[in-house]
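The values are calculated or read from the model by the stated rules, or taken from the named source; none is laboratory data. Quick caveat: nothing in here was measured; it's all calculated off a predicted structure. Cβ coordinates were reconstructed from backbone atoms using ideal geometry, including for glycine residues, and neighbour counts include every protein chain displayed. With ligands, DNA and RNA removed, areas are computed over all heavy atoms of the protein, side chains included. Shrake-Rupley method; radii C 1.70, N 1.55, O 1.52, S 1.80 Å.
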Amino acid sequence: MSYECILTEVRGEGARKTGLITLNRPKQLNALNGQLMDELGAALLAFEADEGIGCIVITGSEKAFAAGADIAAMATLGYMEAYTGGFITRNWETIRQVRKPVIAAVAGFALGGGNELAMMCDIILAADTAKFGQPEIKLGTIPGAGGTQRLPRAVGKAKAMELLLTGRMMGAEEAERAGLVARVVPAASLLDEALAVAAQINELSGPSLMMIKECVNEAYESGLSTGVRTERHMFQSLFGTEDQREGMAAFLEKRKPAFRHR
Ligand code: DAK
């Protein structure tokens, strides 16, 4: 499939490679419109279905990961259009269907829906130029793709309230201190760093990676005891996989494991 608002590539060397998605509406600072969201959804599902892909990286431009949903496309919507269809609803949840690890490599602005998109990824790596925020309040609206839910879980209620109620942006260092991003790297090496993390992940056992995602998301979305119970069941179930046999045997034989993702 050919895309207009994103670029897709396969990167890496090993048996499992990285699916790289670059948001590509630079003139609009990668504002997320319906076409971009459709293409992003299609690309994510294609990489998810491809057995040769272990991990997915989503990135933007130097200036913007994404400056939010496309305000020009939203400005004149009525309630029924917003509720029943159009870009506002479609494909925002697709990323949650992806069971492979997804890394957001963020440089420049990650605002509104851009920050919400990054927060739906499993790991956020930030360039030192990154700026995160939920400025919807300045537009007379509120976040609509999880910002009021995921931001407090990521940075705590106090900072989330301040950011949400004022629309202030925070820089990469502050975002790392607050727990929103995994790591800050120099802007010039952002993509290389993200691809290096992805390459590390690509060497690991696919089923175990999926189960870690499921367990962490379970704990994140429910209570501790439910999460711990899920984790125990997943841990036990991995004793039915070849990769567990291989991983533990390789450790005992002092060699590198050769995972076959089953
Ligand atoms: N939408 C459309 N165009 C945008 C845009 C956006 N979000 N952000 C920037 N642009 C466009 C600008 O209009 C400008 O276009 P031209 O004038 O050149 O034609 C171009 O990108 C460059 O922007 P600036 O000239 O403004 O550049 P600056 O460096 O001066 O400022 C900025 C950069 C990022 C601070 C500024 O552009 C800005 O404040 N942008 C708006 C940020 C914002 O308010 N974002 C939140 C939007 S609301 C939902 C899913 C998602 C959402 C809601 C519901 N559901 C699933 C229900 C999400 C909502 C939002 O994100």
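Annotations for the structure displayed:
- Scanning the range 37-60 for residues that are of a type outside the set (A, V, I, L, M), open to solvent by less than 10 Å² (accessible area, probe 1.4 Å) and farther than 11 Å from ILE95 by Cα turns up GLY54, CYS55.
- Residues in the range 190-230 that are small (Gly, Ala, Ser) and open to solvent by less than 30 Å² (accessible area, probe 1.4 Å): 5 in all.
- Any chance GLU13 is outside any strand (DSSP E or B), touching a residue at least 60 places away in the same chain (Cβ under 8 Å), charged (D, E, K, R) and surrounded by fewer than 16 Cβ atoms within 10 Å (Cβ to Cβ): yes
- Scanning the range 148-173 for residues that are in a helix (DSSP H, G or I) and in contact (Cβ under 8 Å) with a residue 40 or more places away in the chain gives ARG153, ALA172, GLU173.
- The range 24-36 - residue that is more than 16 Å from THR59 (Cβ to Cβ) and either assigned to a helix (DSSP H, G or I) or more than 11 Å from the ligand (Cβ to nearest atom) (or both) and, of those, least open to solvent (accessible area, probe 1.4 Å): GLY34
- Test result for ALA258, out of contact with any Cys (no Cβ under 8 Å at 6 or more places or on another chain) and closer than 16 Å to ASP122 by Cα: no
- Output for the range 63-110, where each listed residue is more than 10 Å from the ligand (Cβ to nearest atom), in a loop (DSSP other than H, G, I, E, B), surrounded by 14 or more Cβ atoms within 10 Å (Cβ to Cβ) and not aliphatic (A, V, I, L, M): ARG99, LYS100, PRO101
- Exactly one residue out of THR59, THR89 is modelled with pLDDT under 95 and of a type in the set (S, T, N, Q), and it is THR89.
- Subset of the range 131-170 (residues that are of a type in the set (Gly, Ala, Ser) and either more than 13 Å from the ligand (Cβ to nearest atom) or crowded, with 17+ Cβ neighbours inside 10 Å (or both)): GLY133, GLY144, ALA145, GLY146, GLY147, ALA154, GLY156, ALA158, ALA160
- Enumeration of residues in the range 2-36 that are modelled with pLDDT of 95 or more, under 15 Å from ALA73 (Cβ atoms) and small (Gly, Ala, Ser): ALA31
- Counting only residues that are under 21 Å from GLY19 (Cα atoms) and not in a loop (DSSP other than H, G, I, E, B), the range 111-147 holds 12 of them.
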